[in-house]
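Remarks on the structure that follows.
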Ligand code: 3PY
Ligand code: ZN
């Protein structure tokens, strides 16, 4: 609720959020009066209770009761992480290439909820099940658990420090390699940062717990990935998995740009840059089975590195692609726990494990152990249902619009917010048109955002795309499109779209983003871990970091709240128990909610440890 208010703020939407954000908004100040933890948490709970934008609380979903019975006192067995530490990244990769069994990465902890639930799954709910994976499925190649949008969302929406999540997952999973998605020079953001920032980020991520970095550049420009690759290689312990972003359809005889030859030339640069593993990053789920066979076979015939395939199941058939790739020799693939799989997420892990069980490429992962985790993830999905994207099933329209999985769910939400929910097909069509206008680019964060911005703009002003393309000077052009045409994100695989580009840039002074950092910040990046983390948060996400700091100041450490309480607030007649520290509990109840006064304030009569506590909340409905 507080964050919703922040998000609705025009300054915030423009990105002009400074640390004085709260100071300039006296209506938020009243929360500042409270100093003790209980009162701060009560402020959050009362606020959510009144303003709950989240609808009805799902009844009786107790996440912990859905966990399989596993003896957590038993230590997690040594597994891939210990092998990586023993062998070093190059030999670890060589071993991956030599094995017969298909290696599997579980993406449930990152991409699955990014693509289905707007990245909203909280650290608490990840860390609860993580030790079970460490003991039951140690055969996993890795758990993808960090990076992508998780960093931004933790700070902006969850009141969490992303570094705390990584540290907690590392502690919970000492044996399975942890993997992250790194957006090349854009690290975990949307625009390029200086190499010094990337380097400090990679060092801190490695020392906090990342073993495998999947690095990509949205335009497949290897020079843009080099600083990140070099930083990972310099750690000496982490694996550099470098991705080619897959787009188009390489089996289509009419394809002239994104051909097999294009991908092989790209892979050659990736190998030359020192990668340990080549990733095929099929962010929209466009890689068809036969194309996968062709691409995987060619990559493995040409290069010695293992190949790791990532796809999204948007059209519904990507298990076939994984199996075709497996037959062609792919070394590793990504999948997600079944209740968190399908459509914009990855294919189902249990379907994959079952498909290969007792076959030559058996994953070595026990099917029953994988399915034992499903009740937990199903309950997670129910608890977080306010963040469902509204995509009811697979869609083959992705082959035309090519919207990546993570963005498709997001755009549907944006369409609802803009009152265009009933007209989503128009947004899809405009997205395809915007992509053609911008030069047929690979679409993935952040290039996908540029295409999405243009698509929404074209729909909003009801433009004819052909007219916009011919006369961009007659329209407002979104800033991201101008920056993109000015080369802010790098060179385009198919060259610049002319004369569109010159027309967009004509008469404009495009300011090149300042990529220098101050000497103080540079020193801070070389400081201790806490200083480096704080500095990285601020340099990468100044706005969300100040929201995070304000959230902690106003509401305290929200991570102690169960997600049902955190999202849905207090229920009449229920005693909410909050474990604020080992052995320290708060008992919170709801007595009554008053009518709003003229100023729109309501009094929430709550109890804290048996004592009546009125909390004043602005009703924002
Ligand atoms: C991200 O950059 O977050 C992605 O998941 C891209 O596919
Ligand atoms: Zn993905």
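Quick notes on this one:
- Of note, residue 322 does not satisfy the criterion of being in a helix (DSSP H, G or I), in contact (Cβ under 8 Å) with a residue 60 or more places away in the chain and buried (at least 24 other Cβ atoms within 10 Å of the Cβ).
- Every residue from region 535-561 that is in a loop (DSSP other than H, G, I, E, B) and either modelled with pLDDT under 95 or within 17 Å of residue 156 (Cα to Cα) (or both): 541, 556, 557
- Members of region 123-159 that are farther than 19 Å from residue 552 by Cβ, within 16 Å of ligand 2 (Cβ to nearest atom) and either out of contact with any strand residue (DSSP E or B) (no Cβ under 8 Å at 6 or more places or on another chain) or free of Cβ contacts under 8 Å to residues at least 12 places away in the same chain (or both): 149
- Residues (touching a helix residue (DSSP H, G or I) at 6+ places or on another chain (Cβ under 7 Å) and within 25 Å of residue 316 (Cβ to Cβ)) located in region 261-289: 263, 280, 283, 284, 285, 286, 287, 288, 289
- Search result, residues across region 578-594 that are out of contact with any helix residue (DSSP H, G or I) (no Cβ under 7 Å at 6 or more places or on another chain) and modelled with pLDDT under 95: 581, 582, 583, 584, 585
- Residue 339 away from ligand 1 (no atom under 16 Å from the Cβ), more than 26 Å from residue 377 (Cβ to Cβ), modelled with pLDDT of 95 or more and surrounded by 18 or more Cβ atoms within 10 Å (Cβ to Cβ): no
- In this entry, residue 419 passes the filter for residues that are more than 26 Å from residue 148 (Cβ to Cβ) and either within 16 Å of ligand 1 (Cβ to nearest atom) or over 23 Å from the mean Cα position of the chain (by Cα) (or both).
- Counting the residues of region 134-150 that are in a helix (DSSP H, G or I) and either within 13 Å of ligand 1 (Cβ to nearest atom) or within 30 Å of residue 479 (Cβ to Cβ) (or both) gives 1.
- Taken together, 63, 72, 102 contain a single residue that is within 30 Å of residue 617 (Cα to Cα) and touching a residue at least 60 places away in the same chain (Cβ under 8 Å), which is 63.
- Matching option when the condition is more than 25 Å from residue 225 (Cβ to Cβ), out of contact with any strand residue (DSSP E or B) (no Cβ under 7 Å at 6 or more places or on another chain) and in contact (Cβ under 8 Å) with a residue 60 or more places away in the chain, among 541, 548: 548
- Residue tally, condition within 16 Å of ligand 2 (Cβ to nearest atom) and in a loop (DSSP other than H, G, I, E, B), over region 279-291: 5
The rows are residues; the columns are (1) more than 26 Å from residue 215 (Cα to Cα); (2) modelled with pLDDT under 95.
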site	(1), (2)
439	no, no
446	no, no
451	no, no
461	yes, yes
465	yes, no
469	yes, no
481	no, no
487	no, yes
496	no, no
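- Unique match (being closer than 17 Å to residue 41 by Cα, without any contact (Cβ under 8 Å) to a residue 60 or more places away in the chain and surrounded by 19 or more Cβ atoms within 10 Å (Cβ to Cβ)) among 610, 589: 589
- Residue in region 96-112 that is more than 30 Å from residue 300 (Cα to Cα) and surrounded by 15 or more Cβ atoms within 10 Å (Cβ to Cβ) present: no
- Qualifying residue in region 370-380 (condition: on the phi > 0 side of the Ramachandran plot, without any contact (Cβ under 8 Å) to a residue 40 or more places away in the chain and surrounded by fewer than 21 Cβ atoms within 10 Å (Cβ to Cβ)): no
- Yes/no for residue 386 being away from ligand 2 (no atom under 16 Å from the Cβ), touching a residue at least 40 places away in the same chain (Cβ under 8 Å) and over 22 Å from residue 119 (Cβ atoms): no
- Close pairs (6 angstrom Cβ cut-off, 6 or more residues apart or separate chains): at positive phi in region 440-451, away from ligand 2 (no atom under 12 Å from the Cβ) and assigned to a loop (DSSP other than H, G, I, E, B) anywhere: 440/494
- Flag if residue 11 is surrounded by 12 or more Cβ atoms within 10 Å (Cβ to Cβ), at pLDDT below 70, within 27 Å of the chain's Cα centre (by Cα) and not in a helix (DSSP H, G or I): no
- Qualifying residue in region 49-67 (condition: closer than 30 Å to residue 405 by Cβ, at pLDDT 95 or above and either more than 16 Å from ligand 2 (Cβ to nearest atom) or assigned to a loop (DSSP other than H, G, I, E, B) (or both)): yes
- Residue list for region 277-316, filter: more than 16 Å from ligand 1 (Cβ to nearest atom) and under 23 Å from the mean Cα position of the chain (by Cα): 277, 278, 307, 315, 316
- Residues of region 57-84 satisfying the condition of being within 26 Å of the chain's Cα centre (by Cα) and surrounded by fewer than 19 Cβ atoms within 10 Å (Cβ to Cβ): 57, 58, 61, 62, 64, 66, 67
- Hits in region 292-315 - residues which are within 16 Å of ligand 2 (Cβ to nearest atom) and either out of contact with any strand residue (DSSP E or B) (no Cβ under 9 Å at 6 or more places or on another chain) or over 15 Å from residue 279 (Cα atoms) (or both): 313, 314, 315
- For residue 233, the test of being within 16 Å of the chain's Cα centre (by Cα) and closer than 24 Å to residue 86 by Cα is failed.
- A single member of 121, 153 is touching a helix residue (DSSP H, G or I) at 6+ places or on another chain (Cβ under 9 Å), within 16 Å of ligand 1 (Cβ to nearest atom) and in a loop (DSSP other than H, G, I, E, B), and it is 121.
Rundown of residues vs (1) at pLDDT 95 or above; (2) under 25 Å from residue 79 (Cα atoms); (3) touching a strand residue (DSSP E or B) at 6+ places or on another chain (Cβ under 9 Å); (4) within 16 Å of ligand 2 (Cβ to nearest atom), yes/no style:
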residue: 191; (1), (2), (3), (4): no, no, no, no
residue: 205; (1), (2), (3), (4): yes, yes, yes, no
residue: 212; (1), (2), (3), (4): yes, yes, yes, yes
residue: 216; (1), (2), (3), (4): yes, no, yes, yes
residue: 228; (1), (2), (3), (4): yes, no, yes, no
residue: 239; (1), (2), (3), (4): yes, yes, yes, no
residue: 252; (1), (2), (3), (4): yes, no, no, no
residue: 259; (1), (2), (3), (4): yes, no, no, no
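- Residue within region 353-363 that is surrounded by fewer than 17 Cβ atoms within 10 Å (Cβ to Cβ) and closer than 18 Å to residue 65 by Cβ present: no
- Options 497, 392; residue that is assigned to a loop (DSSP other than H, G, I, E, B) and over 22 Å from the mean Cα position of the chain (by Cα): 497
The values are calculated or read from the model by the stated rules, or taken from the named source; none is laboratory data. Small disclaimer: the values here were computed from a predicted structure and weren't measured. Note that we place each Cβ from the backbone using ideal geometry, even for glycine, and neighbour counts take in every protein chain shown.
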